[in-house]
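Notes for the one structure printed next.
What follows is calculated from the coordinates using simple rules that are stated; it is not laboratory data. Just so it is clear, the model here is predicted, and its values are computed rather than measured. Here the Cβ positions follow ideal geometry from the backbone for every residue, glycine too, while neighbour counts run over all protein chains shown.
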Amino acid sequence: MRKFYLIGGPMGVGKTTVCQILKRKLDRCVFLDGDWCWDMDPFIVNAQTKALVLDNICDILNRFLTCSVFENVVFCWVLHQQDILDTLLARIDSRGWQVVCISLTASPQTLTERLERDIAAGRRQADVIPRSLARLPLYAGLNTIKIDTSHRTAEETAAEIAAPE
């Protein structure tokens, strides 16, 4: 059966890296990142931009899910609230797809260390650390498979996700 992976987690947990690896590991796979729809300057979060981004994400996902070329669709985004997941799933036509919802987590120390490396390399701004740490506990309450990446490489995490059941 075709698989649709929704992979969430706080900033810096390794979602993008894991999803890039999954794209190479899984047959006929496409990787889509919800952050692409938020890549704006200045970064403005309000009701209008939230609705725009969600509409665009749902449209893109539906288009890929209806394409017969793909056996696997991998989507990542922060996805820190159950209502965001539920809204996405309600607006997406996943008939014929096994939907796999995963939350990647890490210890606060590991997450901080990873984000500090990104900040030092110029990939992120310092304000990402408190924002990411504030979201981290929210993943425990989600109806998702939890994978703690603290002591795993991105390759190991992707291998666990890609492993047959």
Quick one: compute the contact order of the chain, relative version, from alpha carbon pairs under 8 angstrom and 6+ residues apart, as a percent. 39
Neighbour-limited loop hits for trypsin sites (Lys or Arg not before Pro), segment 93-148 (at most 10 other Cβ within 10 Å; DSSP other than H, G, I, E, B): 95
Summing -39500 (n - 2.57) over every DSSP H run of at least 4 residues in the chain and dividing by its residue count gives a helix-only mean residue ellipticity at 222 nm, to the nearest 500 deg cm²/dmol, of -13000 deg cm²/dmol
Which distance in Å, rounded to a whole number, links the C-alpha centroids of segment 39-79 and segment 102-165? 20
What is the percent of Cα-Cα separations in segment 1-98 that go past 16 Å? 57
Could you name the aspartates and glutamates in cross-link range of residue 3, using Cα to Cα under 17 Å and dropping any fewer than eight places away on the same chain? 27, 33, 71, 93, 160, 165
Could you tell me how many cubic angstrom of Cα convex hull volume the chain has per residue? 119
Please report the net charge: other residues with Cβ closer than 13 Å to the Cβ of residue 53, K and R +1, D and E -1. -3
Provide the packing ranking of 31-39, 68-76, 49-57, i.e. peptides ordered by the mean count of other C-beta atoms within 10 Å per residue, highest first. 68-76, 31-39, 49-57
Just to be sure I understand the rule: take each whole DSSP H helix in the chain, project its Cα atoms onto its long axis, keep it if the span is 20 Å or more and its mean Kyte-Doolittle hydropathy is at least 0.0. Which ones pass? 47-65
The size of the Cβ-based charge dipole (Lys, Arg +1; Asp, Glu -1) of the chain about the Cα centre, to the nearest 20 debye, is 180
